[in-house]
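The values are calculated or read from the model by the stated rules, or taken from the named source; none is laboratory data. Everything quoted here is computed from the prediction, not taken from an experiment. We place every Cβ from the backbone using ideal geometry, glycine too, and count neighbours over all the protein chains shown. Ligands, DNA and RNA are stripped out before the accessible areas are found, and what is left, the full protein with its side chains, is counted by its heavy atoms. Shrake-Rupley method; radii C 1.70, N 1.55, O 1.52, S 1.80 Å.
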Amino acid sequence: MSWGFETDPEYQKVLDWAEEFVTNEVEPIDQVITHAWDLKDPLRQKLIPPLQDKVREKGLWATHLGPELGGQGFGQLKLALLNEIVGRTHSGPIVFGAQAPDSGNTEILAHYGTPELKERYLKPLIENQIVSCYAMTEPQGGSNPVEFETTAVLDGDEWVINGEKWFGSNARFASFYIIMAVTDPDAEPHRRLSQFIVPADTPGVEIVRNTGVWGHDYEVGTHAYTRWTDVRIPTDHILGEVGQGFEVAQTRLGGGRIHHAMRTVGLVRASLDMMLERAVSRTTRGKRLGDQQLVQEMIADSWLQIEQFRLLVLRTAWRIDRYQDYRKVIKDIAAVKAAMPKVLLDVTSRAVQLHGSLGVSKELPLGKWLFESYHMGLADGATEIHKVSLARQLLRGAEPHDGLFPSYHGPVLEELARKKFAAQLAGLEN
């Protein structure tokens, strides 16, 4: 039996390099650029591409992808350890070529794109020459595909798309969308939908408005409400087969959920680091904050939550690598996704409290991270949905007991034990 918690020494050297690189090179960029996805920002273009080149030279570019796509094929466990470092920054994911939603969209294109679509869209996306948007959620149906109303109808050699999509991440920067639409309204619920790739400049694609998000203080919001009116695309711009949209979505969402969790480990660790520095630096009534028992409880509770969550994330990543099938890790991914918002909320809330007015000011990122916990409770499926999924998976393995009292009832267990050891008991009684 093999069981251990040590990182391979050679890979630890890689992580040490990444830690120093992110601290000294990436984190300072976050202080001076507006948005790492904005390829039209001249300052961004001066600062980020040189760092991306360094990452490529180090062999750490797009590590979530296999070698055939220009990645390293590290697997999820190694990726988790790297994402803990990268995830505490805004620019880090894009510097390492693993930013959402592009990372998930590359997986979709890699699995379901034709050679022509891969050449036109996948290659430049992997190289971060362009960025993309995933248009799934709808105003009336949220993220529940069964409620979607946007349609794609075949008309000769073109698909015609009509409908509305809500909260498409980074749509205003995107060169193309991947959109989910109803192709057969009369099919069973999970066979009604298909997915398509749509160039952003296609006639009929309209950004109704760019919606801002609390904690993301950009002059123009980056989550778009879009309207699709008689949008025509070639028939070969479908991803997968007709009616395969739900399956295609799971290809990106399984990985996306665990990747969110990996990066969240980095955020909560950064929050704890801030708490620790504050606790040993600030004094009140002649004592350091860290000498106050309630502060010590806040620090201890935060460390416990972080380490428990991190171990769950790492074990889930390990299981994904072992089984190479997201369907076999549904329970674990649901658990990680359900636990993530609570950990981020609790730890950053304590960090805010410990920093007082500075904690709620825009001079620290804690307020942004605090609200991000609510965002994380919605992205890639609401927390409640994942709890239901987890519970259903657990209940499937439970065996009912038809006795009047439960199988673990004390008198029942005693009776069974007496039957098991009847001979020994009889000898003692004689």
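So how strong a dipole does the chain carry about its Cα centre when Lys and Arg Cβ are +1 and Asp and Glu Cβ are -1, to the nearest 20 debye? Kindly include the intermediate steps, with their values, before the conclusion.
On the way: 46 positive and 57 negative charges, 248 e Å.
Approximately 1200 debye in magnitude.
How many times 2.2 N^0.38 Å is the alpha carbon radius of gyration of segment 169-293?
For segment 169-293, the normalised Cα radius of gyration is 1.66.
Past the 22 angstrom mark, what percentage of all C-alpha to C-alpha distances in segment 1-97 do you count?
30 percent
Of the listed peptides 343-353, 327-337, what is their order by residue-averaged count of other C-beta atoms within 10 Å, with the highest listed first?
On the way: 343-353: 22.8, 327-337: 20.5.
Highest mean packing first, the order is 343-353, 327-337.
For segment 26-75, state the average projected area of the convex hull of the C-alpha atoms over all orientations, rounded to one decimal in nm².
4.0 nm²
Any idea which of Val95, Ile207, Leu276 is furthest toward the positive side of the dipole for the chain, if Lys and Arg beta-carbons carry +1 and Asp and Glu beta-carbons -1?
Looking along the dipole axis, the top candidate is Leu276.
What net charge do the residues around Ser361 carry, taking every other residue with its C-beta under 14 Å from that of Ser361, with Lys and Arg at +1 and Asp and Glu at -1?
Cβ neighbours under 14 Å give a net charge of +1.
Under a crude label model (7 Å from the Cα following the beta-carbon direction), how far is Tyr11 from Val360 in nanometres?
So the label points at Tyr11 and Val360 sit 4.3 nm apart.
Of Gly66, Ala135, Leu312, which is farthest along the charge dipole of the chain in the positive direction, counting Lys and Arg as +1 and Asp and Glu as -1 at C-beta?
Of the listed residues, the answer is Leu312.
Taking 0.36 nm per residue of sequence separation and subtracting the Cα-Cα distance, how much length would be gained by fully extending the chain between Lys54 and His401, in nm to one decimal?
Extending this stretch completely gives an extra 118.9 nm.
Taking R0 as 22 Å, what FRET efficiency do you get between Tyr374 and Arg209 from their Cβ-Cβ distance, rounded to the nearest 0.05?
Computed FRET efficiency for Tyr374 and Arg209: 0.55.
What nm value, rounded to one decimal, do you get for the distance between Gln250 and Asp236 when each label is placed 7 Å out toward the C-beta?
A separation of 2.9 nm, rounded to one decimal place.
When 1/r is averaged over all different Cα pairs and the result inverted, which Kirkwood radius in Å belongs to the chain?
Averaging 1/r across every pair of different Cα atoms and inverting gives 24.0 Å.
Between Glu414 and Leu276, how many nm apart are label points set 7 Å from Cα along the C-beta direction?
5.1 nm
Quick one: Cα convex hull volume of segment 115-225, Å³ per residue?
127 Å³
Accessible surface of Met136 in the full protein assembly, 1.4 angstrom probe, to the nearest 10 Å²?
Roll a 1.4 Å probe over it and Met136 shows about 20 Å².
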